[in-house]
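The values are calculated or read from the model by the stated rules, or taken from the named source; none is laboratory data. Keep in mind it's a predicted model, so treat the numbers as computed, not measured. Methodologically, a virtual Cβ is constructed for each residue, glycine included, from the backbone with ideal geometry; neighbour enumeration extends over all protein chains shown.
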Amino acid sequence: MAELPARVTGTEMEWAVLFPHGINESDKNLGIAKRVHAYFEHPTVKYIGQFILNGARLYMDIGSHPEYATPEDTTFLGTTANEIAGERILHGIFPSDDNSNAGTEVHKRLIDETSTTWGNHENYALDATKKIRYDKNGLALIGLHAATRNVLFGAGVLLANGNYCLAQKALDIMTDYDTGTTRNKPVVNLREEHHNNPALWNRLHLTSGDANMSPWAIRMKLGTTSLVMRLMEAGDDSLDNLRFAQPLHTVMRSVSRDVEMTNRYKLLSGDSISAIEMQQQLMAAAKRLASQSSISLPEEELWTIEQWDKACADMTQDPALLKDRVDWVVKKQVLERKQEKLGCSWQDKYLQTYERLWDLIDDNKGIGIRLRQNQFSKWMPPESLIEQRMSQAPTTTRAHLRHQFINAFSRNTDASVNWDFVKYDQETLKLDQYCTQDPRVDRLIKSNRPSKSSESAA
């Protein structure tokens, strides 16, 4: 029996930082950049370039958005903890209770007041030896999954016109497959940027998903997508008859607006299928794969199949059964209770403002944050793990070596790091994603000497 390796995953978040009303755009952008710069200049912060001690990448992205990319991890629970650790790091940079930062808010959302959408991206290591083509045929199953998975993992949003939608990013998806992420926002991104040995590993870079407050949704979004990739890597053709007659992005946008989940989508075969039925078909294929005697899936993926099966069944019976797991379900319930209490319409400005508290990263005001202490608490990663991941990297990937390298060479101008290498002086060492020990890195660390900048300062 072939034991399949745990999937390496990571996420990226473009953070929305809201300043008090009255501050113009240029001052706001300058204020964001100053805060991030001040973080890197703090004497306790260890970093090399844009990479910090826990192996994550923190930098200013296009549009004056801070972006946080988690370190590589081999468990979905670990990546969930890494993402929540990133939330806390960003809140530390922009603390809402700091007088010098009064009125500033950090939000984990992908849609702003102008209905412009931003990004929460997922990264998955894909077995390159399977020769899966990066086109609509090779990644067809990922397309089916991405177009319909928001019934389980959508973050929910109340639009200015009073319409409530299951998902945020889906509202701005414009094409099915594309290498871009900004202008032609695709259901499935085709960017082949490996960050690894391309003969062994590709990287699937999904850019059409939502940012979740529910830890169950974060973990399951990663786990279910990994399982769909297992089907692709295994050459499973049992779902070849499931191809939408409509473009994927049309289906995805429709799913996001179908709160009652009554829409059915035509297949090329002439049959029709709902979004949750498509999820059930993908789940059933993953279950069949897991039952094969020739392979052994990682335990966490077996757990994911069980959760996926139950979630699909609960959603079919009554979405309210998922109020402890699915963002859009519980968010809608919260808004309905507030609306009933106020006796207002869905277009009411106060309700619109209240909805923005859902993804506010603030222990006192953030609705999603507070729900992690009760409704979502069952699914939270251990608090000790989250705290650890704020300063330490996972120990099962090369992020561990990156952590050690940054700890030794922090602020050294002769050192540099990236996802797939570390460099000191003129020596560059390429690192495999599963590499956790390397005598070459140990040798470089032992040869460490004060940086040129440190010598000049002295």
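Scanning the stretch 140-180 for residues being surrounded by fewer than 24 Cβ atoms within 10 Å (Cβ to Cβ) and touching a Cys at 6+ places or on another chain (Cβ under 7 Å) gives a total of 2.
Scan Arg183, Arg203 and give me the residue that is more than 29 Å from Lys349 (Cβ to Cβ), of a type in the set (D, E, K, R), in contact (Cβ under 8 Å) with a residue 60 or more places away in the chain and surrounded by fewer than 23 Cβ atoms within 10 Å (Cβ to Cβ).
Details: Arg183 fails: in contact (Cβ under 8 Å) with a residue 60 or more places away in the chain.
Exactly one of Arg183, Arg203 is more than 29 Å from Lys349 (Cβ to Cβ), of a type in the set (D, E, K, R), in contact (Cβ under 8 Å) with a residue 60 or more places away in the chain and surrounded by fewer than 23 Cβ atoms within 10 Å (Cβ to Cβ), namely Arg203.
Contact map, the stretch 61-82: first residue more than 17 Å from Leu385 (Cβ to Cβ), second residue part of a strand (DSSP E or B) and of a type in the set (Ser, Thr, Tyr), Cβ cut-off under 9 Å, separation 6 or more or different chains; pairs are Pro66/Tyr59; Glu67/Tyr59; Tyr68/Thr11; Tyr68/Tyr59; Ala69/Thr11; Ala69/Tyr59. Looking across the stretch 385-424, the residues that are of a type in the set (S, T, N, Q), over 21 Å from Tyr39 (Cα atoms) and touching a Gly at 6+ places or on another chain (Cβ under 9 Å) come down to Thr396, Thr397.
Inspect the stretch 3-16 for any residue being in the same structural domain as Thr116 (by TED's automatic domain parsing) and part of a helix (DSSP H, G or I) and give the result as yes or no. No.
All conditions in (1) of a type in the set (A, V, I, L, M, F, W, C); (2) within 27 Å of Pro381 (Cα to Cα); (3) assigned to a loop (DSSP other than H, G, I, E, B) hold for Ala290, with the sole exception of (3).
Taken over the stretch 304-324, the criterion of being closer than 14 Å to Ala217 by Cβ and not in a helix (DSSP H, G or I) is satisfied by Lys323, Asp324.
As for the stretch 321-329, it holds at least one residue that is in the same structural domain as His145 (by TED's automatic domain parsing) and over 24 Å from the mean Cα position of the chain (by Cα).
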